[in-house]
């Protein structure tokens, strides 16, 4: 099994998505400490971290309509404001990691991403691999991107990680998604332990939208993206779990097979 793991820290975990630019510093600091502890416990771990924009980028993007199209002067000004908002949260995350002793380096997706019709067609993979090979923790995030058809758009963290999973010479064995819920919840409120194409239609009605503003879709959209990713990359598994539960992140970085949350796989 590959020592390369992808980790996504959700915007709803890192921020209060019902308020504007409202980070959760205590949660962020604890997550950074857990990443540091996991790296010390598992020296062979190669980790790519992506994080959502939460109440930073999503609120700005919803205000300016950036996801759909960027054409007018006002929309391009909005594009720049969304980029700055996403970068502000990214700076908070990377500073917390550095404070915890993790050599994190931010790799801004919009610096190299090119989209067509809202889909990524180009994103630099070489800096990611160079960072991993140097023993650093590369950090990417949901960001704006230039688009050959619609001028500009928004690319979610999941879309960035999904694209990189297909172009990096080393393939991840797991994509861990830490949010504020204990997993994907069914209509009875219980965690659904496993989701595949075979049972997705059955559980889809239980998947609601995100709490707060999210321009890239709610849980149903994210689960569909993960199923498509699992189908495209044989052997890749995803796990959705609570990052609010202390110790969960450290345990899963050390042993991703730990039975916590919801596993999403192709079969």
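Throughout, read-outs are computed from the coordinates displayed, never taken from laboratory work. All values derive from a computational prediction rather than experimental measurement. With ideal geometry, Cβ positions are generated from the backbone for all residues, glycine too; neighbour counts draw on all protein chains shown.
In the chain, helical runs assigned H by DSSP with n ≥ 4 each contribute -39500 (n - 2.57); averaged across all residues and rounded to the nearest 500, the mean residue ellipticity at 222 nm is -12500 deg cm²/dmol. A protection proxy built from the mean count of other Cβ atoms within 10 Å ranks the segments 95-102, 141-148, 20-27, most packed first, as 141-148, 95-102, 20-27. Dividing the radius of gyration of the alpha carbons in the stretch 4-264 by their Kirkwood radius gives 0.94 for Rg/Rh. With the convex hull of the Cα atoms taken as the outline of the stretch 121-267, the averaged projected area works out to 9.9 nm².
Projection of the Cα convex hull of the stretch 42-115, averaged over all directions and equal to a quarter of that hull's surface, yields 6.1 nm².
For the stretch 1-156, the calculated P(r), taken from all Cα-Cα distances in 10 Å bins from zero up to the bin holding the longest distance, is 11, 39, 33, 15, 2, 0 percent.
Relative contact order of the chain: 24 percent, from C-alpha pairs under 8 Å at least 6 residues apart in sequence.
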